[in-house]
Amino acid sequence: MPAAPLDQLRSLVGTSHVLTGVELSPYVVDGRTPEAAVFPGTLDEVRAVVEIAAGAGLPIIPWGGGTAASVGHPPAAAALVLGLRRLDRVLEHEPGDLTATAQAGMTMASLQAALGRGGQWLSLEAPQPERATLGGVIATNASGPRRHLYGTARDLVIGMTVVTGEGAVVRGGGKVVKNVAGYDLPKLFVGSYGTLGVIVEITVKLRPRPEDERFVAVRFERLADVGIAVRAVMASDLIPTSIDVLDGDAARVRALRTAAPTLVVGFDGLAEQVQWQCVELERMTAALGGRDAVPLAHDAWLAMTAAGRDAFGTPAAVMRLVMLPAHVTDAMAAGAEAAKARGLACAWTAHAGVGVATAALFSPRQTDVEPIAATLEAWRASAHASGGHATLEWAPLAVKARVPVWDDPGAAGRVMRRIKEQLDPKNVLNPGRFLAGI
Amino acid sequence: MVPLAEPRKRALRRELAAIVGAGGVLSDPDELLVYESDGLTLFRALADFVVFPTSAEQVSAVVKLANREELPFVARGAGTGLSGGCLPAEGGIVLSLMRMNRVLEVDYDNQLAIVEPGLVNLHLSWAVGPSGYYYAPDPSSQQACTIGGNIANNSGGPHTLKYGVTTNHVLGLEVVLPDGEIVWLGGRTREAAGYDLAGVFVGSEGTFGIATKIAVRILKKPQAVKTVLAVFDEIERASAAVSAIIARGLVPAAVEMIDHLTIQAVEDAFGCGYPRDAAAALLVEVDGLAAGIEAQAARVVEACRDAGAREVRVARDEAERALLWKGRKSAFGAYGRLSPAYMVMDGVIPRTRLPHVLRRVNEIVAAHGLRVGNVFHAGDGNLHPNILYDPRVPGEETRVLEAGAEIMRLCAEVGGSISGEHGIGLEKTDFMPFIFSPADLAFMQRLKDAFNPTGRCNPGKIFPTRKTCGEAGPVAYRPHPIEEKGLAQRF
Amino acid sequence: MAHGTTETPAPPAPPAPLALHGLSVEGVNQCVHCGLCLASCPTFSELGTEMDSPRGRIFLIKSLAEGRLALSDSTVRHLSLCLDCRACETVCPAGVPYGRLIEAAKAEIERQRPGGAARRAFRWINLGLLLEHPRLLALAAAGLRAYQVSGLQRLVRASGLARVLPSTLAAWEALTPAVPAAAARAPLPALIPAVGARRARVALLTGCVQSVVFGDHNRATARVLARNGCDVVVPAGQGCCGALNAHAGDHARAVRMAKATIETFERAGVRTVIVNTSGCGAHMKGYGALLANEPSWASPAARFAASVQDVSEFLAREPLRGPLAPVAMTVTYHDPCHVVHGQKIRAQPRQLLAEIPGLRIVELAESDWCCGSAGIYNLTEPEMAERLLRRKVGHVLATGAEAVVTANPGCILQIAKGVRDRGAPTRVLHLVELLDRAYGAGR
């Protein structure tokens, strides 16, 4: 990296907020080390950093907690990591309005703690809340089990301030819960993986904390029966916050201590609502072959959300599949068969009610890419068969070289490229990492 | 706008008829006249043709023809919009989607339906109702408005407080892009690969293309519903009650306010049971499980009493509940009993600012010598001041527009928005600078260029046409730019 | 008072009222263009064109009255296509008096475009000669009966002659009701005395076409009323109430007939006039508005209008008097437009049906949608009438009911034709026939 822009950055944000050399090791992705990592402390500094980087032709990698840094194609060479960790405050929280505005670098854990003091929460979850930042969760559209009832970032973000690739500060949406003035820019940035702008401030809708909340785990003999139970729950009067399915291998995590396919359903609300639903769930699932309905402790439930990845040590790849809800358990069963046929092991978890599954693949010979790639392709095909898609969330470079990280979005991809060209004409924001060549 | 020369018009008519059939093209001026406005009669613009396609392929062919001829085009649903969004501001072709009104598929296992854009919103709930499902977004015009129109405006409704607006229920759409290409944005699954194109398309007011198939979520009907009517002698107490309900940790399905003047209109219309002498009434609904429903209703009742309601009661049965809602949902039309015309505002404010803003709204309208009725989504802070006027009285329209501009500025000043669900359309373009900077608008314009580079798809909407509106100080009425250009007449 | 609305200035004095050749259409100004009526309009629902919607037609009428629009072919077409079913009035929050507006517009069409000699003659024979002169109508009925009984009708229908008639005439031919034998067309006695404790003294409108085609309905109505404690008076010399004329734009004659009807019934000296045909009931309830501008008629007309009740409306005020015999049958109910929309009578007929033991009632989809009969609409607009009829019959057959019950002769004829065309065995009954059967008639 030429000295001039680096000096500019140092004088802008202070020397201690610009990292270079060995200090960059946490920011190495897919073997690529950035030129520098810079940590602005204000919106205007973010704007100025982008301006300097764009002026010097340096690609920018927006960086929150780094929990999803491995998602995507390998980053561009000679890039600048723009870290948002110093932008970590709640700017506004009016409990009466059920809204809050926070800076993007705030971790989910500290945001929830701050909101909790007002008796409220943001109904958006992400793995590793101590590290994951609000901006990162939104940029990667991360979500957790409770999305079943409460939706994802697109349903909760109502306003956003971003810095564009040309260094302009742009606000989209607003601070009110309902707003149709202008285009819905927040939707565009949710899940855009930092390719359209650096998200700096976010306004979200909040919910009052429920009086009571419980998660109930029910074991089944067969995965197919779990599928039947999921459909029964969805067609019933129950209003679960989450409907998760773990196959036998994923269920072996510490919290569940079983090797049986397991259904985990969450409820919240008034105590009497939660109570009635737990009883009703037990009655309903018992009739369908469910056994041992047990309440889960909250931390146990958190562990469960990452169950698949930890099933057999370090995975060879992790794939996220989106499909129609009714196809989930069939896809899990077929996916396990596809792995077994190639001598591999796998573990699946799914937010079954919304059709989002995560599968971790394990291989005794991690260097033997062929069976890994073939299995992943089979999985992807099963998502396509259901009108869905798949993303290779994590894999070593050798696997990424063989299996596309993203799906081909087809004709819609042309529209996406036109958007990218219009909104980031110099192509400085996270170039080459996303799908459709973006 | 220069009218099309007769020979060219005849030739175009033949070509359009070849696409949609002879019975699917209107070009007689007497027939085009009824398409000159939507639910907002303040703005009028005439099309050269109105066509009635019945498939995406026909829509695409019409759009390609329009492009070849360099004619603007715009889609239209039922025409119940309230911002002039579907008006052919620069003439050209109106594509009425009323003949694409089928429910194509319902998938109960996956809780979704595929519908055509001309389907009436309520008809989807009718279609899935017998199986225990419904379509949640419920604009007050749901008995007439179409789902395609809802897509354009990202329509809300009373129950959005708990269930969200249209965009929260759309999974994906088949659209005809402004260049005529047919593309699916999103699909049937909860997420699609790449940018959330369905998300940005919803609410783009017909400037990104024309939706021809829509995949929407359908929800299970709740087990139980309780509707509470709270009657207040002072509107400020009613406003305060709204925040008090939220402060008790409740998320009601709906919190609606209806003021004194509006109560007169709806009672005249249908005799719905709102007390005529009330200053304001709140209609609060809680729904969900039967378990706990009584407790939730009791909390609402308590919150309203504590806030100073003079009377609070829970609707006895479905019939009373339906009647109360009928009154609420018919309120706009019922103003016809009080006045030959009205202009509805659609500002949104943080709900904690309701008492202040409502007081100011009434002051502003009175200062302009006009009457206002308020009926709105109080829980969302989405105001609907309806300014009553008589277009036949010289000067009244000007005063209405002036008062409207002041109200929009007020909403912007308290951190709100100028539109919560009706859209910017033609009506509010010049007020966009109240809430957006030039950089914000330039960014949006680029996004528009990505979809609609020629600008032929629904021109004249959303973006301000003059820069002076961003200036500080009271906004003086000026003729709308499209009037000045002779593109539309004001009556 | 602490009302939220700050003191409101008095509404400004409105400009001169809008009218079409003297008939007020000021009601157009109540329309605020909200569009809530759209999806309730059968023609809009079929065509999707704004000109064929209530909102569009109101706009056309307004533009005509304001002189923005001339009465062009297309405008005549769209206004003529209106069924006058008034479904839009039921849903209109602004209270637009749509029925009055469309009748004024139809009168204006007749004034400006009376049409050729054949059309004028056709209208004169039907609206003038026959409706205004009960004796001529009776003669015509006898002639029609002869045509039907002699086999001539079968010949016409079988020979395909009907197909070469102009469409209106062909539709007319197809819809001509089977005229019953002379006995059924005989006038009712002047008084049918109450059975049991006397509840009221009522007069019965026997109608014009009704009396010749559905004399049995009148008899059944009288019997059912008598079983429910009514002395039923049948005023002599009653003619047509003028509803068909008003709907067809024949305003002057409609006014004459209204006056004659009021006079005839005033002589009977009753406080309740019972009607069993929907269009007549709705129209007679509107006499007050029809004659409001004639000083010597305004108050008698209003008084008379207030005395008019649909037979179901009257009967449902009290529980039916027993004993009622079971009628083991599955039926569905079709709401005649001018009962449900014109008179806002929706619950009463269903309530009465529910009181008949053994009767199973299934709801009909779009039960309050026009069947296409709409007075003489099925003669003047046969194509649209047929579309709506097919839609209606589709819903009827979907219920699986053995009979569709309704309360208006026009609907009965129309739906019966539709059912016949589909080759279905479904019967079409008047509500009073079913009640009459529960009271033991026909056994």
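The values are calculated or read from the model by the stated rules, or taken from the named source; none is laboratory data. Just so you know, these numbers come straight off a predicted model, no measurement behind them. All Cβ positions, glycine included, derive from the backbone under ideal geometry; neighbour counts span all protein chains shown. We work out accessible area using only protein heavy atoms, side chains counted, and drop any ligands, DNA or RNA first. Shrake-Rupley method; radii C 1.70, N 1.55, O 1.52, S 1.80 Å.
Brief remarks follow.
- Taking segment B:134-207 and the helices (runs of 4 or more DSSP H) fully enclosed by it, the elements with 3 or more residues that are outside the structural domain of B:VAL348 (by TED's automatic domain parsing) and within 30 Å of B:GLY249 (Cα to Cα) are at B:160-163.
- Selection status of A:ALA181, open to solvent by 10 Å² or more (accessible area, probe 1.4 Å) and within 7 Å of another protein chain (Cβ to nearest Cβ): no
Residue by residue, here is whether (1) under 23 Å from the mean Cα position of the chain (by Cα); (2) in a helix (DSSP H, G or I) holds:
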site: A:ALA359; (1), (2): yes, no
site: A:ALA374; (1), (2): no, yes
site: A:GLU393; (1), (2): yes, no
site: A:LYS400; (1), (2): yes, yes
site: A:PRO404; (1), (2): yes, no
site: A:ARG417; (1), (2): yes, yes
site: A:GLU421; (1), (2): no, yes
site: A:GLY432; (1), (2): yes, no
site: A:ILE438; (1), (2): yes, no
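- Some residue of segment A:187-197 being more than 8 Å from chain B (Cβ to nearest Cβ), of a type outside the set (A, V, I, L, M, F, W, C) and open to solvent by 10 Å² or more (accessible area, probe 1.4 Å): yes
- All of (1) more than 9 Å from chain B (Cβ to nearest Cβ); (2) surrounded by fewer than 23 Cβ atoms within 10 Å (Cβ to Cβ) hold for A:GLU211 with one exception: (1).
- Residue list for segment C:65-77, restricted to those being part of a helix (DSSP H, G or I) and at the interface with another protein chain (Cβ under 9 Å from one of its Cβ atoms): C:ASP73, C:SER74, C:THR75
- Scope segment B:192-213; condition open to solvent by 10 Å² or more (accessible area, probe 1.4 Å), under 26 Å from A:GLY194 (Cα atoms) and either in contact with a Pro (Cβ under 9 Å, 6 or more places away or on another chain) or at pLDDT below 95 (or both); matching residues: B:ALA192, B:ALA193, B:GLY194
- Looking across A:ALA334, A:ALA271, one residue alone is surrounded by fewer than 20 Cβ atoms within 10 Å (Cβ to Cβ), in the same structural domain as A:GLY387 (by TED's automatic domain parsing) and in contact (Cβ under 8 Å) with a residue 40 or more places away in the chain. It is A:ALA334.
- In segment C:137-151, the residues that are part of a helix (DSSP H, G or I) form Cβ pairs under 6 Å with partners that are surrounded by 13 or more Cβ atoms within 10 Å (Cβ to Cβ) and of a type in the set (S, T, N, Q), at six or more places apart or across chains, as follows: C:TYR147/C:GLN153.
- Residue match in segment A:238-261 (condition: within 11 Å of chain B (Cβ to nearest Cβ) and open to solvent by 20 Å² or more (accessible area, probe 1.4 Å)): yes
- Search result, residues across segment B:267-281 that are more than 7 Å from chain C (Cβ to nearest Cβ), outside any strand (DSSP E or B) and closer than 23 Å to B:GLY381 by Cβ: B:TYR274, B:ALA278
- In segment A:396-434, residue farthest from the other protein chains (Cβ to nearest Cβ) [restricted to those that are more than 23 Å from A:ALA373 (Cβ to Cβ) and of a type in the set (A, V, I, L, M)]: A:VAL428
- Being surrounded by fewer than 24 Cβ atoms within 10 Å (Cβ to Cβ), in contact with a helix residue (DSSP H, G or I) (Cβ under 7 Å, 6 or more places away or on another chain), among the small types (Gly, Ala, Ser) and within 11 Å of chain B (Cβ to nearest Cβ) is true of A:ALA168.
- Test: residue in segment A:4-17 that is outside any helix (DSSP H, G or I), farther than 21 Å from A:GLU130 by Cα and open to solvent by 10 Å² or more (accessible area, probe 1.4 Å): yes
- Of the helices (runs of 4 or more DSSP H) contained entirely in segment C:205-277, not one carries at least 2 residues that are in the same structural domain as C:VAL428 (by TED's automatic domain parsing).
- Test: residue in segment B:169-180 that is more than 7 Å from every other protein chain (Cβ to nearest Cβ), over 25 Å from the mean Cα position of the chain (by Cα) and surrounded by fewer than 24 Cβ atoms within 10 Å (Cβ to Cβ): yes
- Residue ID - nearest to B:TYR108 (Cα to Cα), chosen from residues in segment B:217-250 that are buried (at least 24 other Cβ atoms within 10 Å of the Cβ) and in contact with a Phe, Trp or Tyr (Cβ under 6 Å, 6 or more places away or on another chain): B:ILE218
- Taking segment C:307-366 and the helices (runs of 4 or more DSSP H) fully enclosed by it, the elements with 2 or more residues that are buried (at least 18 other Cβ atoms within 10 Å of the Cβ) and in contact with a Leu (Cβ under 7 Å, 6 or more places away or on another chain) are at C:311-315, C:347-354.
- Within segment B:187-204, the set of residues being of a type outside the set (A, V, I, L, M) and more than 8 Å from chain A (Cβ to nearest Cβ) comprises B:PHE201 only.
Every residue, every condition in (1) assigned to a loop (DSSP other than H, G, I, E, B); (2) open to solvent by less than 20 Å² (accessible area, probe 1.4 Å); (3) modelled with pLDDT of 75 or more; (4) assigned by TED's automatic domain parsing to the domain that holds C:PRO336, yes or no:
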site	(1), (2), (3), (4)
C:LEU79	no, yes, yes, no
C:LEU83	yes, yes, yes, no
C:VAL96	yes, yes, yes, no
C:ARG100	no, no, yes, no
C:ALA107	no, yes, yes, no
C:ARG123	no, no, yes, no
C:LEU130	no, no, no, no
C:ARG135	no, no, no, no
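- Residue in segment A:50-59 that is within 14 Å of chain B (Cβ to nearest Cβ) and either surrounded by 17 or more Cβ atoms within 10 Å (Cβ to Cβ) or touching a residue at least 24 places away in the same chain (Cβ under 8 Å) (or both) present: yes
- Pairs where the first residue, in segment B:392-407, is within 13 Å of B:GLY369 (Cβ to Cβ) and the second is at pLDDT 95 or above and of a type in the set (A, V, I, L, M), C-beta under 7 Å, 6+ apart: B:ARG399/B:LEU370; B:VAL400/B:LEU370; B:VAL400/B:ILE387; B:ALA403/B:ILE364; B:ALA403/B:VAL365; B:ALA403/B:LEU370; B:ALA403/B:ILE387
- Sub-8 Å Cβ pairs linking a first residue in segment B:324-352 that is within 7 Å of another protein chain (Cβ to nearest Cβ) and of a type in the set (S, T, N, Q) to a second residue that is assigned to a helix (DSSP H, G or I) and open to solvent by less than 10 Å² (accessible area, probe 1.4 Å), at least 6 apart or interchain, are B:SER330/B:VAL266, ordered by first then second residue.
- Criterion: over 27 Å from B:LEU161 (Cβ atoms) and surrounded by fewer than 24 Cβ atoms within 10 Å (Cβ to Cβ) - qualifying residue of B:ARG353, B:ARG399, B:ARG360: B:ARG399
- Scanning segment A:368-395 for residues that are surrounded by 17 or more Cβ atoms within 10 Å (Cβ to Cβ) and within 14 Å of chain B (Cβ to nearest Cβ) yields A:ARG380, A:SER382, A:ALA383, A:SER386, A:GLY387, A:GLY388, A:HIS389, A:ALA390, A:THR391, A:LEU392, A:GLU393.
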